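Below is one structure, written out as structure tokens, with a few remarks after it.
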Amino acid sequence: MAKPILVIKFGTASITRPSGEPDLAIIAEVARQVSLLHKDYRLILVSSGAVGAGKAYIQDYKGTITQRKAAASVGNPLLVGIYASQFTPYGIAIAQSLCERQHFANRHQFLQLKETYDELWSNGIIPIVNENDVVSDRELKFSDNDELATLIAAGFGAEALMLCTSVGGLLDEAGQMVREVPDVNDVFRFVRTDKSALGLGGMASKLTFAKLATRMGIRVVIFGMGEKDGILRALGGETGTVFTPQKSTLSARKRWLGSGGLVAGKLRIDEGAAQALVKRKSLLAVGVLEVVGEFEAGEIIELFTPENEMIAVARARETSQAIINNLKTQNFEVANASDIVLL
């Protein structure tokens, strides 16, 4: 049997000094612990920190989008070089993989990405992934690397997704670590609005993507590098916060579709249509209450209840304009049941 896939994401604040420069001691510890997991897992590391690594080279840095792109273009090779040097003592080579959301929205491109990773794994190489900041524009940017890591974990059918944070896990109202979360919806009330100055993400982001991943049958762990053997112990459930996965029988194609890819629009549907989806029926235009955004046939859309709860993602069978023009047309299919994934 093929080894299970493990995706580990490191946030900016978790692997950098307060100044934003990569923390060599922490990355060395990442390499040591990951090397121990290498024989049992097909590993993907998603690492932030490129902007922090490169911003010192940008004069009068103020954090504009253009300056961030320039800092990332300098920082990415520096950061990857540090990872490579720290993995060398363990005889492990690493590869750089810069991704954009469109790589996940287009299934052909996604399968090419998967084939490349399969080739890397067959040669004992660990891919280190980051967003391609240099060419990604605002519309195509990942909300943060939590999303990128979740897209990869869901699309690849990972066994577990680990999200490293400077906090070390989810804290309750009293500031105590929550060790296990059976239902993500129960813990959003614990979220604080503050976040680190270096990263784009926050706990709300992590919980949002933990909800998606656990619905795909993926075990999610939020942990920190502040404790001894932080990665190894968190994977074993000894530290950090573990989110229990739900049972999932989704095919590889539906896992990819359910990961969201690049969402082009949204539909708000009535209660009857929502109940039909639960029964694995196709979505018809007569059940659509509102069309949000412009999209083409074949693009990915989100489906919402009248109360604005997202219940599914789907691949549109028709354009947004065609749906608007046929809202009262009987048996006008908006999305086929085989292209709908309930969340």
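The values are calculated or read from the model by the stated rules, or taken from the named source; none is laboratory data. Keep in mind that this is a model prediction, so the values were computed, not measured. Heads up, the Cβs are rebuilt from the backbone with ideal geometry, glycines too, and the neighbour counts pull from every protein chain shown.
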Return the total of residues in the stretch 1-32 being crowded, with 18+ Cβ neighbours inside 10 Å and either of a type in the set (G, A, S) or under 17 Å from the mean Cα position of the chain (by Cα) (or both). 12
The stretch 55-87, residues that are assigned to a helix (DSSP H, G or I) and of a type in the set (F, W, Y): Y57, Y83, F87
Output the number of the condition that V181 fails; it satisfies all remaining conditions of (1) closer than 23 Å to V341 by Cα; (2) crowded, with 19+ Cβ neighbours inside 10 Å; (3) modelled with pLDDT of 75 or more. (1)
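Within the stretch 33-40, identify whether any single residue is touching a Lys or Arg at 6+ places or on another chain (Cβ under 7 Å) and buried (at least 17 other Cβ atoms within 10 Å of the Cβ), and answer yes or no.
Among the residues of the stretch 33-40, not one is touching a Lys or Arg at 6+ places or on another chain (Cβ under 7 Å) and buried (at least 17 other Cβ atoms within 10 Å of the Cβ), which makes the answer no.
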Where a residue in the stretch 212-235 is of a type in the set (D, E, K, R) and its partner, wherever it lies, is surrounded by fewer than 22 Cβ atoms within 10 Å (Cβ to Cβ) and assigned to a helix (DSSP H, G or I), with Cβ under 7 Å and at least six apart: E227/R233; D229/Q33
May I ask you to list pairs of residues, at least six apart or on different chains, whose Cβ atoms are under 6 Å apart, with the first in the stretch 305-331 being in contact (Cβ under 8 Å) with a residue 24 or more places away in the chain and the second being of a type in the set (S, T, Y)? I311/T305
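Please tell me if I65 is on the phi < 0 side of the Ramachandran plot, modelled with pLDDT of 95 or more and either in the same structural domain as G169 (by TED's automatic domain parsing) or more than 24 Å from the chain's Cα centre (by Cα) (or both). Don't jump to the end; show me each part of the working.
On the way: on the phi < 0 side of the Ramachandran plot: yes; modelled with pLDDT of 95 or more: no; either in the same structural domain as G169 (by TED's automatic domain parsing) or more than 24 Å from the chain's Cα centre (by Cα) (or both): yes.
No.
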Are any residues in the stretch 88-118 closer than 26 Å to E29 by Cα and in a helix (DSSP H, G or I), and if so, which ones? T88, P89, Y90, Y117, D118
Restricting attention to the stretch 28-41, does a residue exist that is under 22 Å from T165 (Cβ atoms), in contact with a helix residue (DSSP H, G or I) (Cβ under 8 Å, 6 or more places away or on another chain) and among the aromatic types (F, W, Y)? no
Of the residues in the stretch 70-109 that are of a type in the set (F, W, Y) and crowded, with 20+ Cβ neighbours inside 10 Å, the one that is nearest to Y41 (Cα to Cα) is F87
